[in-house]
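Peer 1: A single structure is presented below for examination.
All of the numbers you see were taken from the coordinates with simple rules; none came from a lab. Since this is a predicted model, take the numbers as computed values, not measurements. Using ideal geometry, Cβ is built from the backbone for each residue, glycine included, and neighbour counts are taken over all protein chains shown.
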Amino acid sequence: MKPTLFLRIASALTLIHAALHTIGGVFAKPEPGAAEAAVAAMQSNHFLVMGLSRTYSDFYRGLGLGISIFLTAEAIVFWQLASLARTSSLRLRPIMATFAFAYLVFAINSSIYFFQAPVITEILIALCLALAILSAKPSPAA
């Protein structure tokens with residue numbers, strides 16, 4: 001198989017990850033009980049940060065949206081890399097390796113602080129990137 005296909009799959013998985021993270025993580029309504037009380041506490045306690053009034057809920061939502069933005073940007077980058085891989089797949093190996101390593105570390109982080117769904121998705125993305133690296137061949141012109 002060609003690196004282009006693996007990069008397109010990584011792109012699609014990353015876009016799905018971004019969408020589910022946004023829907024289920026950033027904008028999800030907390031369950032009644034302890035989770036709801038924790039969110040209420042995060043929303044009700046304001047403090048000054050660099051002259052602005054913020055809550056932990058502001059930081060939680062802002063950082064969550066930040067992750068969604070970067071996941072979406074990475075999905076676009078993977079799609080663009082797939083197009084470049086048609087002619088320059090060997091030259092893209094360091095970039096793909098950087099993202100593959102980052103997704104493995106992302107999976108470790110998710111396994112420590114979150115739950116299995118993102119871990120599995122991040123491992124699959126890293127695997128697609130690794131397979132893109134392994135399937136990279138010299139361009140016909142080389």
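Peer 1: Kindly rank 31-39, 85-93, 60-68 from highest to lowest mean number of other beta carbons found within 10 Å of each residue.
Peer 2: Packing proxy ranking, top to bottom: 85-93, 60-68, 31-39.
Peer 1: Taking a ≥ b ≥ c as the square roots of the eigenvalues of the Cα gyration tensor of the chain, is the shape rounded (a/c under 1.5), prolate (a/b larger than b/c) or oblate?
Peer 2: Here the chain falls in the prolate category.
Peer 1: Here is a follow-up. GNM on the chain, C-alpha springs below 10 Å: top fluctuator among Phe59, Phe99, Phe70?
Peer 2: Comparing Phe59, Phe99, Phe70 in the GNM, the peak value goes to Phe59.
Peer 1: Around Ala136, with a cut-off of 10 angstrom between Cβ atoms, what is the net charge of the other residues, counting Lys and Arg +1 and Asp and Glu -1?
Peer 2: Once all neighbours under 10 Å are counted, the net charge is +4.
Peer 1: For the range 3-134, what's the relative contact order in percent, using C-alpha pairs closer than 8 Å and at least 6 residues apart?
Peer 2: With pairs under 8 Å counted, the relative contact order is 41 percent.
Peer 1: Based solely on its DSSP helices, what 222 nm [θ] is calculated for the chain when runs of n ≥ 4 H residues each add -39,500 (n - 2.57) and the sum is averaged over all residues, nearest 500 deg cm²/dmol?
Peer 2: That comes out to -25000 deg cm²/dmol.
Peer 1: Give the peptides 16-29, 43-56 in descending order of average Cβ contacts within 10 Å, highest first.
Peer 2: Result, highest mean Cβ count within 10 Å first: 16-29, 43-56.
Peer 1: Shifting gears a bit: Can you give me the angle between helix 56-88 and the longest principal axis of the chain, using Cα atoms only, in degrees from 0 to 90, rounded to the nearest 10?
Peer 2: 10 degrees
Peer 1: Between Phe47 and Ala117, what is the label-to-label distance in nm when each label sits 7 Å out along the Cα-to-Cβ direction?
Peer 2: A separation of 3.0 nm, rounded to one decimal place.
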